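Undergrad: Got a structure for you, questions after.
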Amino acid sequence: MGGNRLCLLRKLPCWRGSAEMAEQSSFQNSIIYLDGVTVDYDGFKALNNLTFMVDYKELRVVIGPNGAGKTTLLDVICGKTKAASGRVVFGRDVDLKGKHEDEIVALGIGRKFQAPSVYGFLSVWENLDLSLKRSSKGVFATLFGKSTADERVRIEKNLETIGLKDYAHTRAGSLSHGQKQWLEIGMVILQDPSLLLVDEPVAGMTDEETEQTGQLLQSLAEKQAIIVIEHDMEFVRQIARVVTVLHEGTVICEGSVEKVQADDRVREIYLGRQKVAH
Amino acid sequence: MSDGTADKNRSGGMAFWAVGAILLVVMPLLNILPPEDSWFHLSDFSLNRFGKFLAFGILALGLDLIWGYTGILSLGQGVFFGLGAYCMGMHLMLTIGKESVYGTEMPDFMVWNQVKELPLFWKPFYSFPVAVIGSILVPMAFALVFGFFAFRSRIKGVYFAIITQALALVAWLVFNRNDTNLGGTNGLTDFKQVIGYRLSEPSTQLVLYIITVLCLGASYLFCQWIIRSRAGRVLVAVRDSEKRVVFSGYTPANYKLFVFVVAAALAGLAGMLYAPQVGIITPAQIGVLPSLEMVIWVAVGGRASLAGAVLGAVSVNYGRSVLTNYFPELWPFILGGLFVLVVLLFPDGLIGMMRKAKSLLSRSKPDGGKPVVPAEKAAVLEGKR
């Protein structure tokens, strides 16, 4: 499917989002499908008739200048922002419109925020424990619930994945910035999402941390679909297979990093402003 | 690290039982055994007054759950306290019977207001169990309805503080009115007995004191159980990052409602214990100012520490009762000043100061040994004297 789409893109290097096109590539196979979505902030269209789709187990990077609608795109998917018009379809036929954030989480969409948002007062372990996917997250279930051995193993494995094994009982508030970013990624992973939304994961990280984060995301993409928003072109080149360029709330171009960087419109709109080393 | 937590839990548990033994055994014995002129004698008045402080401690536990742990500032706890106190007060009024000033079965103020028949909502309170259960369930029900709408509408932060303050004002106005039939400005008073025991007898007051200590202990353990459960960590998480809580699949509104209702129940319980020990409940104890004062207790004692909340309630009220003897007109300034001072200099309150002192102490010791008196125990002892 992915190859097929790339062929399509090769024929049409600059592809404006259009509903028919998306229909053609059959959203039966997409994990998330936005169909003509518009988000209106008092006259400012953060998303303008946007059509966008991501396949199962795909790692998609979304780039674009400030105000292009990248974060709004994630907000619409996870229910934080409501679309004025259009459809948001998750998986085969689940319409996300009108669903609450926590319902969408339960469906299997996880979100990592731009600024690391972890529970500073709680330990790393407790942060992960709260994020773990459970059958019920109601008040009484959590009041009487006990951790199972299986859950503890999962948390321990997760601690290894995110490299915080030695910090299990440290207060999350006293971690470094990069560690907080990882902790939040770890928290989202434990929710077992089939779609992971990641907003600027490497902002403020050292080169080494950035590299490791890239490897982590790539290994995760073997199991789940991931949408990453990123500014750091170095990082984009490291992880990206397909890049989507947003501008003024619509898709300007979609394809491999080289293709996107070679595109005139993209250069004009995005790369022209923010010089990117080759 | 996990060993460290267990160790902390153990010393906390020891402090709990030590303080419990002092409150439950030593204090009553000091009241009963030594002769009245002895230095060690604890007067009936002092014991009774201390019982009142401990009742406030129960309320402070609830306020600490909602404010200290969950980060929701409620300026309306006085209302729930008042509902509890009035439920018990109504029962105590009805048991005065013919001993009243006018010698009728009706409460005096109703005779005075020329109310001919006992209002319907008073009638269930002839029953003692109804009064006891009511003084907890009525505040809970009230908090459930109010909280449901407030949290569903996502009212938070300073807006929640303001509407709860408005609630306190409304309650104050309603309880002040004569046609509400709750005694108006003078409130409910002149209680004579509770389930047949004379309230003027020191032994009755001693038993009430002991019941208060037991209720405080049970409330403490209950709150501790909540805090140590996963739900307790969700509460802290709501305070730290509500957005993240939502995206971890929880519904913060439900947790807030839960903790608001628990806090209301504890405030009601405190009110229930307050009424027979103090012998009067008036609107002046439930309005905007008392509700604010309750927040100061927790701030002074130390937010997000259950021991701190109780310590704050006891020490601020002790300070109040001593200082109002000497400088009655200065108390509001002292209280306000104390609040500002604590917020600016000691954001973790008395408990935070003790912890700091403890860590300095153990660091200065060459062997790194622990101080002989556990900090929490020392804290409570110091708060009392």
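Undergrad: Could you size up the charge dipole of region A:2-271 around its Cα centre, putting +1 on the beta carbon of Lys and Arg and -1 on that of Asp and Glu, and report it in debye to the nearest 20?
TA: 540
Undergrad: Quick one: how many Å² of B:CYS87 are accessible to a 1.4 Å probe, rounded to 10?
TA: Estimated to the nearest 10 Å², B:CYS87 gives 10 Å².
Undergrad: Right, here's the next one. In whole Å, what are the Cα extents of region B:156-219 along the three principal axes, biggest one first?
TA: Taking the Cα atoms of region B:156-219, the three principal extents are 46, 35, 14 Å.
Undergrad: Carbon and sulfur atoms: what percent of the 1.4 Å accessible area of region A:131-267 do they account for?
TA: Carbon plus sulfur share of accessible area: 48 percent.
Undergrad: Throw me the Rg/Rh for region A:38-197, computed over C-alpha atoms with Kirkwood Rh, two decimals.
TA: 1.00
Undergrad: I've got another one for you. What number in nm² do you get for the protein assembly as shown if you take the convex hull of its Cα atoms and divide its surface by four?
TA: Reported value for the Cα convex hull: 36.4 nm².
Undergrad: What net charge is computed for the residues neighbouring B:GLN285, neighbours being all others with C-beta under 14 Å from the C-beta of B:GLN285, Lys and Arg scored +1, Asp and Glu -1?
TA: In short, +1.
Undergrad: Let me ask you something else. Nearest-5 percent of antiparallel DSSP beta bridges in chain A?
TA: Among the beta bridges of chain A, antiparallel pairing accounts for roughly 55 percent.
Undergrad: Could you give each residue of region A:99-112 its phi-based ³J(HN,Hα) in whole Hz, using Karplus coefficients 6.51, -1.76, 1.60 with θ = phi - 60°, and x for Gly or Pro?
TA: 8, 6, 4, 5, 5, 5, 4, 5, 6, x, 10, x, 9, 10
Undergrad: Still on this structure, please answer the following. Arranged from highest to lowest average of other beta-carbon atoms within 10 Å per residue, in what order do the peptides B:331-338, B:30-37, A:53-60 appear?
TA: Output ranking for B:331-338, B:30-37, A:53-60: A:53-60, B:331-338, B:30-37.
Undergrad: For chain B, find the longest principal axis of its Cα atoms and tell me its angle to the long axis of helix B:44-63, 0 to 90°, nearest 10.
TA: Once rounded, one gets 70 degrees.
Undergrad: How much accessible surface does B:VAL26 have with a 1.4 Å probe, in Å² rounded to 10?
TA: Surface open to solvent at B:VAL26 totals about 70 Å².
Undergrad: Per DSSP H run of n ≥ 4, the term is -39500 (n - 2.57); total these for chain A, divide by its residue number, and report the mean residue ellipticity at 222 nm rounded to 500 deg cm²/dmol.
TA: Calculated from helices alone, the mean residue ellipticity at 222 nm is -10000 deg cm²/dmol.
Undergrad: Using the Cα gyration tensor of chain B, with a ≥ b ≥ c the square roots of its eigenvalues, what is the shape: rounded (a/c below 1.5), prolate (a/b larger than b/c) or oblate (neither)?
TA: Since a/c reaches 1.5 but b/c is at least a/b, the shape of chain B is classed as oblate.
Undergrad: Here's another thing I want to ask about it. Sequence-distant or interchain residues sharing an amide H contact under 5 Å with A:SER85, placed H: which?
TA: So A:SER85 has HN proximity to A:THR38.
Undergrad: In terms of the Cα gyration tensor, with a ≥ b ≥ c the square roots of its eigenvalues, is region A:2-271 rounded because a/c is under 1.5, prolate because a/b exceeds b/c, or oblate?
TA: Prolate shape, in that a/c is at least 1.5 and a/b is the bigger ratio.
Undergrad: So, one more: Output the pairs from B:LYS52/B:LYS123; A:LYS82/A:LYS180; A:LYS112/A:LYS137; A:LYS80/A:LYS165; A:LYS99/B:LYS243; A:LYS80/A:LYS133 with a Cα-Cα distance over 23 Å in this structure; if there are none, say none.
TA: Pairs exceeding 23 Å: B:LYS52/B:LYS123; A:LYS82/A:LYS180; A:LYS80/A:LYS165.
Undergrad: Probe radius 1.4 Å, ligands and nucleic acids left out: can you give me the accessible area buried at the A-B interface, summed over both chains, in Å² to the nearest hundred?
TA: Counting both chains, the buried surface is close to 2800 Å².
Undergrad: Going from most exposed to least, what order do B:GLU242, A:GLU268, A:GLU200 have by accessible area with a 1.4 Å probe?
TA: A:GLU268, B:GLU242, A:GLU200
Undergrad: Taking amide H atoms as placed 1.01 Å from N in the peptide plane, list the residues 5 or more away in sequence, or in a different chain, whose amide H sits under 5 Å from that of A:ASP55.
TA: Amide H neighbours of A:ASP55, under 5 Å, 5+ apart: A:ILE31.
Undergrad: Can you give the three extents of the C-alpha atoms in region A:135-278 along their principal axes, from longest to shortest, in whole Å?
TA: Ordered largest first, region A:135-278 gives principal extents of 59, 29, 25 Å.
Undergrad: Let me ask you something else. Across region A:33-45, in residue order, what do the Karplus-derived ³J(HN,Hα) couplings come to in whole Hz, using 6.51 cos²θ - 1.76 cosθ + 1.60 with θ = phi - 60° and x for Gly and Pro?
TA: 9, 9, 10, x, 7, 10, 10, 10, 9, 6, x, 8, 8
Undergrad: Is it possible to state the helix-based mean residue ellipticity at 222 nm for chain B, with each DSSP H run of 4+ residues giving -39500 (n - 2.57), the sum divided by total residues, to the nearest 500 deg cm²/dmol? What is it?
TA: It lands at -22500 deg cm²/dmol.
Undergrad: Between A:LYS223 and A:ALA115, what is the spin-label point distance in nm, taking each point 7 Å from the Cα along the Cα→C-beta axis?
TA: With each label point 7 Å from Cα toward Cβ, the separation is 3.1 nm.
Undergrad: Quick check on packing: order A:108-117, B:176-185 by the mean number of other C-beta atoms within 10 Å, highest mean leading.
TA: Top of the packing list down: A:108-117, B:176-185.
Undergrad: Which percent of Cα-Cα pairs in region B:192-290 sits in each 5 Å bin, short to long?
TA: 2, 10, 16, 16, 13, 13, 10, 8, 6, 3, 2, 0
Undergrad: Now for a different question. Spelling out what I want: for every residue of region A:127-132, take phi, set θ = phi - 60°, compute 6.51 cos²θ - 1.76 cosθ + 1.60 (Karplus), and round to whole Hz; glycine and proline get x.
TA: Ordered by residue, 3J(HN,Hα) equals 4, 5, 4, 5, 7, 3 Hz.
Undergrad: Just add up the charged neighbours of A:GLY173: K/R +1, D/E -1, any other residue whose Cβ is under 10 Å from the Cβ of A:GLY173.
TA: Cβ neighbours under 10 Å give a net charge of +1.
Undergrad: Suppose every Lys and Arg Cβ carries +1 and every Asp and Glu Cβ carries -1, with no other charges. What dipole size does region B:197-310 come out with about its Cα centre, to the nearest 20 debye?
TA: Dipole size: approximately 500 debye.
Undergrad: How big is the dipole moment of region B:2-384 about its Cα centre under a simple scheme where the beta carbon of each Lys and Arg is +1, that of each Asp and Glu is -1, and everything else is neutral? Debye, nearest 20, please.
TA: The dipole magnitude comes to about 1440 debye.
Undergrad: Oh, and also: Under the definition of Cα pairs under 8 Å and six or more residues apart, what whole-number percent is the relative contact order of chain A?
TA: That works out to 27 percent.
Undergrad: Return the carbon/sulfur percentage of the accessible area of region B:2-384, one whole number, probe 1.4 Å, all protein chains in place.
TA: Answer for region B:2-384 is 68 percent, counting heavy atoms of protein chains only.
Undergrad: Give the long-range amide H neighbours of A:LYS112: residues separated by 5 or more places, or on another chain, with amide H under 5 Å away, using H modelled in the peptide plane at 1.01 Å from N.
TA: Here the answer is A:LEU197, A:VAL198, A:ASP199, since their amide H atoms fall under 5 Å of that of A:LYS112.
Undergrad: Using a 1.4 Å probe on the heavy atoms of the protein chains only, list every residue of region B:240-261 that has 20 Å² or more less accessible area in the complete assembly than in its chain alone.
TA: SASA drop of 20 Å² or more in region B:240-261: B:ASP240, B:SER241, B:LYS243, B:ARG244, B:VAL246, B:PHE247, B:SER248, B:GLY249, B:TYR250, B:THR251, B:TYR255, B:PHE258.
The values are calculated or read from the model by the stated rules, or taken from the named source; none is laboratory data. Computed from a prediction, not measured in an experiment: that's the story for all the values here. Neighbour counts run over all protein chains shown; Cβ positions are idealised from the backbone, glycine included. Ligands, DNA and RNA are stripped out before the accessible areas are found, and what is left, the full protein with its side chains, is counted by its heavy atoms. Shrake-Rupley method; radii C 1.70, N 1.55, O 1.52, S 1.80 Å.
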